[in-house]
Amino acid sequence: MDAKSADSAAFLRTGPQRPIVSRATTVGLLQSDKDNIFYQVVAPIHNPASPADTSGYVVVYKRISSANGAQIIGRLIGSDALMLMGNTDGKFWTDLSRVVRGPSPYRAQKVALIYNGPDGRRQIGNAVKIGRTPWVLWVGLPLSSAMAPADTFLRDMIIAAILLALVGGVTAWMITRQYSQPLREITSAAQGIEGGDYSRRVKTNRHDELGILARTFNGMAIQVQGAREELESRVRTRTSELQAALGELRSAQESLVRREKLAMLGQLAGGVGHELRNPLGVMTNALYYLGMVLKDSPPDVKDYLGILRTQIGLSEKIVGDLLDFARLKPPTRETVPVERIVKEQLDRVGPTDNVDVQHDFPADLPPVRVDRIQIGQVVLNLLTNALQAMEGTRGTLTLRARHNGNGSVRLDVIDTGVGMTHEQLVKMFEPLYTTKARGIGLGLAVSRSLAEANGAEITAASELGKGSTLSVELPIAKAEAA
């Protein structure tokens, strides 16, 4: 035995484990005694005279534990690596300096084993059987050291994956935004057109498929807007035509109703007028006779006679309106200045107390070609209405004439009276319509008929509380002559 000592001698006396006798030199299992790790080598001794017979055996105990040997092996394989030797049964392991815990049990397969090493750390390695011995050589590394490159690679891959995901996400977001923004604009424009805003367009400078789509959408929107505008124009034109036709129909209907009403009123007025004219004539003669007889009568009698005379005159005017309305005579036209017609009717009206009458007649005003009696009656009715509108108040009556330049002279009768509402203004020329306590509402209706018979036209404008303007346009003499 190498390096004999007192311990090894004692070990020999106690009888170590015996090897199995064979015809060849054998190597025994690794064993330990205290700090000594050794193995035994058994070699048979043959008799030269009889080689087939074994005379005995030589047993050699060889010590393998050595601290220097473990350090040398550590330097050879690296400080992190670990080399262990052990028996094939996996019950004994050594690092060549001491007995340690090994990868037990050993399985003869080509796979790495993971176990807890002598220092408590996880180890990974593999074992190889040593030929013609009952030993196993195991080389391993700490699991953390063996997995460090993989962990580093995995960490790098995770970082690379995260960076790739971030870059991919940003790229995807930018690409999505680049394509989704035009789509959102197109969607918004489509919704605007759906809501009635046909001026919506998509703004784009792209030249790809989305740009083509946006330009196509704009072209479609232009066509839709043009079609709608054309349709609205046609609808407005048709509506205007229908309104015009409806206005003409309404005017014709009103004219027909007015003619029927006028025909009925004419028949009634003719009969009533004739029946009333004779009694009024008798009353007028009787009043004249009383005036002659009662020249020296008391003042109150004369006042009553004046009242009777006024009322009889009013009744004669009503009868005259009735007869004029019932039998409209064809006009006898003559050339006459407008100012003369107005002056004659002012004389018929008489004094205009509390009313300031203003005349506005240009010197170069052309004469008119009308029936002086009929147009005089028209002017008289206009003057009477204006004075009645200012009755009881101080006011101004303006009589103004102008040459319109269209073959007619416009005579305006302007008062500062109470004015009229819109409803009154619309109905003022209808027969039997009146807002006054006296009269039967035929004056303006007769005036319109007389004016139309002479080729003239009566219009009215009024503002409640400020007064009214009644106008009649009369044909001038030159136009008539032409």
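The values are calculated or read from the model by the stated rules, or taken from the named source; none is laboratory data. On a predicted model such as this, the values are computed, not experimentally measured, just so you know. Methodologically, a virtual Cβ is constructed for each residue, glycine included, from the backbone with ideal geometry; neighbour enumeration extends over all protein chains shown. Surface accessibility is based on the protein's heavy atoms, side chains included, excluding ligands, DNA and RNA. Shrake-Rupley method; radii C 1.70, N 1.55, O 1.52, S 1.80 Å.
Enter the accessible area of Glu254 (Å², nearest 10), with the probe set to 1.4 Å and all protein chains included.
Counting only protein heavy atoms, Glu254 exposes about 110 Å² to solvent.
Counting only protein chains, not ligands or nucleic acids, how are Asp208, Asp356 ordered by accessible area (probe 1.4 Å), most first?
Details: Asp208 40, Asp356 80 Å².
So, going from the largest accessible area down, we get Asp356, Asp208.
What order do Asp296, Asp360 take when sorted by accessible area (1.4 Å probe), most exposed first?
Per-residue accessible area, sorted high to low, gives Asp296, Asp360.
Please list Val472, Val58, Val27 from largest to smallest accessible area, probe radius 1.4 Å, with all protein chains kept in place.
Result, largest first: Val58, Val27, Val472.
Give me the accessible area of His403, 1.4 Å probe, in Å² rounded to the nearest 10.
Its heavy atoms expose roughly 100 Å² to the probe.
Kindly report the accessible area of segment 337-393 per residue (heavy atoms of protein chains, probe 1.4 Å, no ligands, DNA or RNA), in Å².
50
Which residue, Leu380, Gly407, Leu470, has the largest displacement toward the positive end of the dipole of segment 365-477 when charges sit on each Cβ (Lys, Arg +1; Asp, Glu -1)?
Checked the options; the winner is Leu380.
Quickly work out the Val257-to-Glu423 label distance, labels modelled 7 Å from Cα along the C-beta direction, and quote it in nm with one decimal.
Using points 7 Å along Cα→Cβ, the separation is 1.5 nm.
What is the percent carbon and sulfur in the accessible area of segment 179-223, measuring with a 1.4 Å probe over the protein chains and ignoring ligands? Display every interim value, and only then the final one.
On the way: 1690 of 3020 Å².
Answer for segment 179-223: carbon and sulfur cover 56 percent of the accessible area.
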